[in-house]
Amino acid sequence: MKSTVTSVLKTVLPLLFGAFLVWYSLQKISIETLTQYFKNANYNWIFLGVFLGVLSHLSRAYRWNYMTSPMGYTLKLPNSIMAVFSAYLINYTIPRAGEVTRATIVANYEGIPFEKGFGTILSERIADVLMMLFIMALALFLEYDLIFDFFLNNFNPKQQFLWGLSVLAVAAVLYTAISRSQWSTVVKIRRFFLGVFEGATSIFKMKYKWSFIAHTIFIWAMYILMFYVTALSIEQTSELPFSAILIGFIAASFSIGATNGGIGSYPIAVYAALAIFNVPEAPSLAFGWIMWTSHTLMIIILGGISLVLLPIYNSFSSQNTSKN
């Protein structure tokens, strides 16, 4: 009963928070004004942004094979692509459930053990975090004074340090207890995490490390370009400096984890970031909504098609294999 309530809250609370943020943003820009921005936007830039987003996801799907091959598994590219788009779509319903879905899909259709597949996804996230840190460092270099003042006014370094020490201490105690216990349940948990660890460390065993790095850079370059070219669709955001694009992109990226797929939080994050550069609230909110809507529609369409085609493709593929 308790686990059911917890899972429901994990799903419902982000949705409610997202609904509140949608309401909040519509207090700052009327639906009529927002509609006008959508009508007047240059859709050539919006479609180009969507295309760049698709390229980034295709590259992510292709890159995945570099992590599964060291463990002796070769992903079929169509399954990898459909798993990626399906995962993004599922994240709009239950936060972070997409990663579990993605690992489950390749477990069912490719025979990769769930824990190993999930481990490779964690390994991806490590690479993504490193890229995000690089982008943040670049933004800090370009706008050091602005960002330093913001963090100084909004965070307590001493408090954050103490929290970090507490988390490390708890993690060390848990690790010691789990690594030494012989209780059957703990042994199963340990075996699961060893599989996850094997998947996560596959990044260090891969044969084509430089190809993996190139794809990682390409993925994030496409993300930033997608954000940039979509900004060109509105006159008031078409001449933003590169530093504003980076800071807006970083804020928008973090907002996606706040609610399901960034609903409500995405345009608010873009608005808050661009306000630093004195962009009026109406065009900055409109840009955030256009950016979020275009990417969300792309995920809904391609993710929905992927979920439908996955069993069809694999049924057809298995029939051809059995005939041969």
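Every read-out reported here was derived from the displayed coordinates using simple, explicitly stated rules and does not represent laboratory data. Note that this is a predicted model, so its numbers are computed, not measured. Cβ atoms come from the backbone with ideal geometry, glycine included; neighbour counts cover every protein chain shown.
List of remarks:
- Test result for Ser294, in a helix (DSSP H, G or I), more than 22 Å from the chain's Cα centre (by Cα) and either surrounded by fewer than 17 Cβ atoms within 10 Å (Cβ to Cβ) or not charged (D, E, K, R) (or both): no
- Residues in the stretch 249-278 that are surrounded by 22 or more Cβ atoms within 10 Å (Cβ to Cβ) and of a type in the set (A, V, I, L, M): 6 in all.
- Residue count, the stretch 71-111 (criterion: surrounded by fewer than 23 Cβ atoms within 10 Å (Cβ to Cβ) and part of a loop (DSSP other than H, G, I, E, B)): 11
- For the stretch 64-113, a residue qualifies if it is closer than 27 Å to Thr296 by Cβ and β-branched (Val, Ile, Thr), and the qualifying residues are Ile81, Val84, Ile90, Thr93, Ile94, Val100, Thr101, Thr104, Ile105, Val106.
- For the residues Ala41, Ala19, the requirement of being over 24 Å from the mean Cα position of the chain (by Cα) and of a type in the set (Gly, Ala, Ser) singles out Ala41.
- Selection within the stretch 25-38: residues that are hydroxyl-bearing (Ser, Thr, Tyr), more than 24 Å from the chain's Cα centre (by Cα) and assigned to a helix (DSSP H, G or I). The member of this set that is surrounded by the most Cβ atoms within 10 Å (Cβ to Cβ) is Tyr37.
- When Pro311 is tested against the conditions (1) more than 22 Å from the chain's Cα centre (by Cα); (2) assigned to a helix (DSSP H, G or I); (3) surrounded by 14 or more Cβ atoms within 10 Å (Cβ to Cβ), the lone failure is (3).
- Which listed residue, of Ala214, Ala221, Ala286, Ala282, is surrounded by 19 or more Cβ atoms within 10 Å (Cβ to Cβ), outside any loop (DSSP other than H, G, I, E, B) and not β-branched (Val, Ile, Thr): Ala286
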